[in-house]
Amino acid sequence: MNLSFLRLSVWIYLAIFFAYLLGPLVIMAVTAFNSPSFPSATPWECLTFEWFSALFQDTRILNGIKNSIIIGAGTVVLSVLMGLAGALMLTQIWPKLRATYYTVIIAPILIPGVVLGISTLVFWDRINRMVGLGPDSVLSSGLFLTILGQSTFIASYCMLVLVARLQRYDTALTEAALDLGATHAQAFRKVLLPFMRPAIASAAVLAFLASFENYNTTTFTFGEYPTLTIELAQKVRYGISPAISALAFIIVILTVFAALTNEAAIRRRELVAAARREATVAELSGGGVKLPGFLSGNAAAGLLVALAIATIVVVGTATVYSPDQCITDIREQKRIEADLRAEELRRKRDEERKLKAAEEPAPAAPTGTGTSSGSFGGVFDPNALQNAPAAPEAEANPPAGNNSGFGGVFDPNALKGTDN
Amino acid sequence: MSAGVGVDLENLWIRFGDFVAVRDANVNIKGGDFFSFLGPSGCGKTTILRAVSGFLDPSEGNVLIGGKNMKGVGPNKRPTALIFQNLALFPLMKVWENIAFSMEIKGASAAERRKRADELLEMIALEGQGDKLPSELSGGQRQRVAIARALCAEPHVLLLDEPLSALDLKLRQHMRTELREIQQRVGITFIYITHDQGEALTMSDSIAVMRAGVIDQIGDGKTIYNDPATPFAASFVGENNVFRGKVKQVSGDRVLVQSNRSGELLARVSTANVGKMKEGDSAMIFIRPEALELAKTGTEGDHYVSARVVNEEFEGNVFNIFMEGDGGKEIKVSLPNHGQSFDSHKGETMTLRYDVKNAVAMPAGVLATE
Ligand SMILES: Nc1ncnc2c1ncn2[C@@H]1O[C@H](COP(=O)(O)OP(=O)(O)O)[C@@H](O)[C@H]1O
Ligand SMILES: [Mg+2]
């Protein structure tokens with residue numbers, strides 16, 4: 001009794017926790033497929049893929065993505081190299097200096113990104129002037145400055161990841177390689193580097209993600225090369241469109257894809273190792289080991305395949321599906337509703353006027369007689385609030401939507417403040 | 001296979017800061033020999049080996065390999081291969097890639113490397129295991145892979161740092177024979193490090209006994225065992241009973257010692273100490289447990305010892321009797337088991353005799369701590 005209550009509360013807690021964690025993502029994903037031009041999940045109007053095509057036609061977003069990827073790649077290379085050098089140095093340095101060195105090298109993580117951004121800008125501007133180059137030299141290019149600025153602290157992250165692996169390295173392995181005739185470079189390349197490879201991969205992914213999402217530092221250094229985060233921030237200032245939800249949805253899907261691929265690969269490696277352990281000598285040398293298939297006993301791989309199929313199906317539908325009919329219907333319906341309302345309002349006013357006329361002998365001149373749905377509904381039109389750029393026609397969003405049974409809790413309009 | 005070359009250490013000193021790890025070592029190792037450094041943990045054995053393989057520069061003195069001074073020659077340029085105490089097999093490479101690593105460095109093709117690796121795998125009785133990872137092998141197998149990897153580099157000198165210490169007893173004894181066989185087959189110089197006197201005695205042509213950075217004695221196993229040069233060598237190599245006292249009379253290589261507990265004892269001065277003992281000096285006499293035998297109780301003389309039996313044990317091939325000895329130490333007597341009847345004498349006083357040539361005397365000094 002008590003126990004089942006406890007179990008129940010654990011489940012409820014988990015449900016709330018995951019709703020808190022994933023709810024916004026789910027809502028956002030839904031808005032990417034809903035036709036209203038302000039991102040909203042309710043009322044559900046029409047399934048549409050137009051926000052995806054809007055996204056892929058938005059040159060600023062696309063350019064931002066391109067810049068983010070270029071800068072991310074540059075940051076990965078620079079940060080992993082500096083991180084590896086820092087990590088190797090840490091193991092070589094005189095033990096008494098090690099703690100101090102460590103503090104110095106991870107300090108950039110503790111310094112606010114804004115400070116790093118400003119100092120990078122100022123520092124390289126000085127250098128640029130000292131060298132006597134013009135304002136459009138490489139040293140003052142946004143690409144160069146952003147990569148450098150981001151790397152100042154991302155290199156520290158990389159170093160932490162690499163140091164953790166390096167601490168498990170047995171220096172006797174390098175000595176063994178030297179002893180067998182290898183040069184220092186060969187020992188590094190053939191023994192230490194392969195050992196570090198998993199950590200280098202982790203550090204590279206970490207560096208790329210950190211670079212991709214960085215705003216604080218980049219905002220001072222981007223110059224002519226606005227990254228995706230910069231573009232998004234600038235866009236949101238003029239109101240958001242479901243195209244941004246579409247972008248976020250794509251990013252979420254890519255993340256899930258990457259995570260599942262990784263998980264599936266790890267699981268497969270485990271299975272292969274287990275198979276090798278059980279294999280006999282003859283099987284090993286003859287290459288006759290029965291290795292498990294990619295999908296057998298691999299839940300992550302199964303999910304991955306399911307997700308891939310789902311993606312193909314959705315993309316396939318998107319190419320043939322057209323929401324035009326639905327949108328026209330909805331528009332028609334809205335128009336009728338608006339007309340009805342206008343009609344009712346007119347009737348009410350007429351009645352009021354009659355009442356007033358009954359009270360006052362001299363009736364006032366009727367104001368706003370030809371009340372259109374537009375001037376009336378304008379108050380409720382989110383376009384008016386949001387200045388949504390290029391809103392397709394006046395889509396009077398009926399107030400009924402906001403009065404749905406959920407009391408607007410899940411209405412992104414209500415969440416707007418956090419979205420920005 | 002390349003022939004073994006000699007290794008010489010000349011006045012070798014190695015210091016770490018103020019700490020002297022190796023003090024004035026002078027060793028001449030003949031080419032093709034199986035040479036062991038034997039000493040307790042921390043006495044500087046690994047340090048000497050690292051100086052020979054080139055990972056450590058001597059503070060003073062020289063290392064000569066094949067007569068050539070190795071000063072300034074890096075570890076990858078020396079004709080030595082080292083088997084590390086923890087083996088240091090490359091964990092991410094397959095067994096055959098490990099073995100052929102030295103060829104990969106020189107740019108040999110994969111086919112050549114595979115062929116050589118398979119030959120060596122056959123030699124170490126691991127045919128067909130080349131595609132495994134080192135972690136998939138047992139301790140003894142890994143041991144042999146490490147040896148094969150070192151031999152693949154065709155060194156003139158193979159250096160082994162306590163290679164058997166991680167193995168269990170059975171395997172250790174088996175590997176002793178195997179190592180000795182490999183050494184005789186390839187004919188190169190082996191320099192072997194161990195703290196196990198059994199290993200050193202069974203395998204080596206020559207042994208250096210080390211104590212705290214100092215080489216006490218160099219000689220073949222028999223010499224070290226029968227004619228130790230220092231109290232440390234006498235007590236570290238094999239079991240030994242020590243009798244302390246003062247020199248009463250010296251004549252040639254015979255010395256009469258007034259012992260603390262057992263009266264006057266006659267002994268042979270160890271070869272290294274002939275002429276170094278004077279009347280009145282503190283002395284030590286060492287007699288091995290198997291060199292003592294029971295005598296008629298109450299017999300007295302300069303090669304008889306009487307003491308009270310405190311304990312007895314049966315070890316299969318020998319009966320051991322422990323008697324009250326000098327300085328809290330017991331005197332151990334080992335009587336070979338010929339199937340004779342054996343009565344307990346616990347608590348009684350018994351008399352032992354020995355041959356004077358089996359009692360080795362030398363100036364008193366530091367004993368090995370058990
Ligand atoms: N790199 C080093 N720095 C300082 N002391 C060292 C170093 N290497 C070894 N020592 C010291 O030298 C002594 C001998 O060490 P070692 O040669 O490893 O002994 P072992 O005979 O057990 O192989 C030990 O006391 C050890 O602490
Ligand atoms: Mg050692």
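Since every read-out is calculated from the coordinates, none of them should be taken as a lab result. Everything quoted here is computed from the prediction, not taken from an experiment. Don't worry about glycine lacking a Cβ; one is built from the backbone with ideal geometry, like all the others, and counts go over all protein chains shown.
Ranked from largest, the principal axis spans of the Cα set of the protein assembly as shown equal 157, 80, 55 Å. Taking the Cα centre of the range A:1-109 as reference, the dipole from Cβ charges on Lys and Arg (+1) and Asp and Glu (-1) amounts to some 600 debye. Backbone geometry of the range A:182-187 corresponds, through the Karplus equation with coefficients 6.51, -1.76 and 1.60 at θ = phi - 60°, to 3J(HN,Hα) couplings of 6, 7, 4, 5, 5, 4 Hz, x marking Gly and Pro. Given R0 = 30 Å, the distance between the Cβ atoms of residue B:68 and residue A:100 translates into a calculated FRET efficiency of 0.10. For the peptide B:135-141, the mean number of other protein chain Cβ atoms found within 10 angstrom of a residue's Cβ is 1. Counting only DSSP H runs of at least 4 residues, each contributing -39500 (n - 2.57), and dividing by the residue count of chain B, the helix-based mean residue ellipticity at 222 nm comes to -6500 deg cm²/dmol.
If the cut-off is 18 Å between C-alpha atoms, which lysines fall inside it for residue A:66, apart from same-chain ones fewer than 8 positions away? Hits, sequence-local ones excluded: A:235. Among B:210, B:175, B:123, the largest mean-square fluctuation in a Gaussian network model of chain B (Cα springs under 10 Å) belongs to B:123.
Counting only DSSP beta bridges whose two residues both lie in the protein assembly as shown, roughly 75 percent are antiparallel.
Computed over chain B, relative contact order equals 16 percent, with contacts defined as Cα pairs under 8 Å that lie 6+ residues apart.
With 29 Å as the limit on Cα-Cα distance, the pairs of B:170/B:346; B:246/B:296; A:96/B:45; B:45/B:170 that go past it are B:170/B:346. Across the range B:241-370, the mean sequence separation of Cα contacts (distance under 8 Å, 6 or more residues apart), normalised by length, yields a relative contact order of 31 percent.
Let me confirm one metric for peptide B:68-80, namely the mean number of other chain beta-carbon atoms within 10 Å of its residues' beta-carbons.
What the average comes to for B:68-80 is 2.
A simple packing score, the average count of other Cβ atoms within 10 Å per residue, orders the peptides B:234-246, A:200-212, A:308-320, A:81-93 as B:234-246, A:200-212, A:81-93, A:308-320, with the highest score first. Span-like helix check, chain B: no full DSSP H segment qualifies, none having both a Cα axial length of 15 Å or more and a mean Kyte-Doolittle of 0.0 or more.
Spin-label pair residue A:215-residue B:171: with each label point 7 Å from Cα along the Cα-Cβ axis, the two points sit 5.9 nm from one another. For the range A:51-240, the Stokes-Einstein estimate of translational diffusion at 25 °C and a viscosity of 0.890 mPa s comes to 134 µm²/s, using the Kirkwood hydrodynamic radius over alpha-carbon pairs.
Contact order for the range A:51-240, expressed relative to its length and based on alpha carbon pairs under 8 Å spaced 6+ residues apart, stands at 40 percent.
By other beta-carbon atoms within 10 Å, ranking A:215, A:157, B:192 with the fewest at the front produces A:215, A:157, B:192.
Across peptide A:184-192, the mean count of Cβ atoms from other chains lying within 10 Å of each residue's own Cβ comes to 2. Cross-link reach is defined here as a Cα-Cα straight distance under 12 Å, omitting same-chain residues fewer than 8 places apart; for residue B:332 the aspartates and glutamates meeting it are B:239, B:290, B:293, B:312, B:313, B:324. Remark: the range B:339-346, residue by residue, has Karplus-estimated 3J(HN,Hα) of x, 6, 6, 9, 9, 6, 10, 4 Hz, where x stands for each Gly or Pro and the curve is 6.51 cos²θ - 1.76 cosθ + 1.60 at θ = phi - 60°.
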